[in-house]
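Asks: Got a structure for you, questions after.
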C-alpha cells in the first residue's frame with residue numbers, strides 16, 4: 001500500500017577549501033543535515049460510499065482481499081476499506097570542497113501519509129432508510145473513524161523518527177568515488193523509508209487490533225438485536 005514519490009532538484013554547488021585530511025571527509029558533511037526544512041503531514045481523501053455489491057461479494061472481499069473472517073450464521077452487510085499511502089518529496093543540495101570531497105544533503109522534505117480511497121460498502125440488498133441499513137452504516141463509519149484516530153495518534157511518533165533520521169544522514173564522497181546526484185538521492189530515500197517502515201507496520205497492526213474490537217460475535221449479536 002505504499003507509494004513512494006520523490007522530487008529531485010539540483011541546487012547550486014559551492015567550493016570551499018578545508019585543509020583537513022581525507023580521513024575526516026564524512027564528518028564535514030554532518031553540519032549540512034542539522035537544520036533542513038521538514039514537514040510531516042497526514043492527509044485524508046474523501047470518504048466514498050458504494051452500494052453496487054451483494055453481500056456474498058462483500059464476504060469474499062473481506063476474506064480474500066483483506067484477510068478477514070466471516071463467522072458462520074452472519075451475513076456481511078457492510079465493509080470498509082482504505083489504503084495507507086506514503087509520499088516522500090525532497091530537495092537535495094550538493095556542496096563540493098576544493099580537495100574533491102562532495103556532500104549531498106536534503107534541504108526541503110515533505111513526508112505525507114494519506115488515507116487513500118476510503119470506501120464504505122453497504123450490501124446492495126439492504127434498503128436505505130431501514131434499521132438494518134442504518135446499523136450497517138454506523139458500523140462501517142466507526143471502522144473508518146478508527147483508521148483516522150490511529151493514524152493521528154501515531155503522527156507524533158512518525159514525525160520524531162523521521163526528523164531524527166533526516167538529521168542523521170548525508171551522502172559524502174571523494175572525487176574518486178564518482179557519486180552521482182541521482183545515486184545520492186536514492187541512498188537518502190532508502191534510509192528515510194527504512195526508518196519509518198517499522199512505524200507504518202505498527203500503525204497497520206494497531207488499526208487491525210482496534211477493528212477487531214468492533215468485529216466480534218458479541219457486538220454482531222447486539223447490532224442484530226437493534227432491528228428485531
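The values are calculated or read from the model by the stated rules, or taken from the named source; none is laboratory data. Owing to the predicted nature of the structure, the values given are computational and were not obtained by experimental measurement. Note that each Cβ is placed from the backbone with ideal geometry, even for glycine, and that neighbours are counted across all protein chains shown.
Asks: So which of 95, 81, 114 is in contact with a strand residue (DSSP E or B) (Cβ under 6 Å, 6 or more places away or on another chain), at pLDDT 95 or above, at negative phi and surrounded by 18 or more Cβ atoms within 10 Å (Cβ to Cβ)?
Replies: Working: 95 fails: at pLDDT 95 or above; 81 fails: at pLDDT 95 or above.
Within the list 95, 81, 114, the selection yields 114.
Asks: Could you check residue 164 against (1) at pLDDT 90 or above; (2) part of a helix (DSSP H, G or I); (3) more than 18 Å from the chain's Cα centre (by Cα) and say which number it fails?
Replies: The number of the failed condition is (3).
Asks: Do we have residue 204 as more than 19 Å from the chain's Cα centre (by Cα), within 26 Å of residue 75 (Cα to Cα) and modelled with pLDDT of 90 or more here?
Replies: Values: more than 19 Å from the chain's Cα centre (by Cα): no; within 26 Å of residue 75 (Cα to Cα): yes; modelled with pLDDT of 90 or more: yes.
So residue 204 does not fit the description; no.
Asks: Anything in the stretch 167-184 that is at negative phi and in a loop (DSSP other than H, G, I, E, B)? List them, or say none.
Replies: 167, 168, 169, 170, 174, 179, 180
Asks: Restricting to the stretch 170-188, give me the number of residues that are crowded, with 17+ Cβ neighbours inside 10 Å and over 12 Å from residue 104 (Cα atoms).
Replies: Adding up the residues that qualify gives 0.
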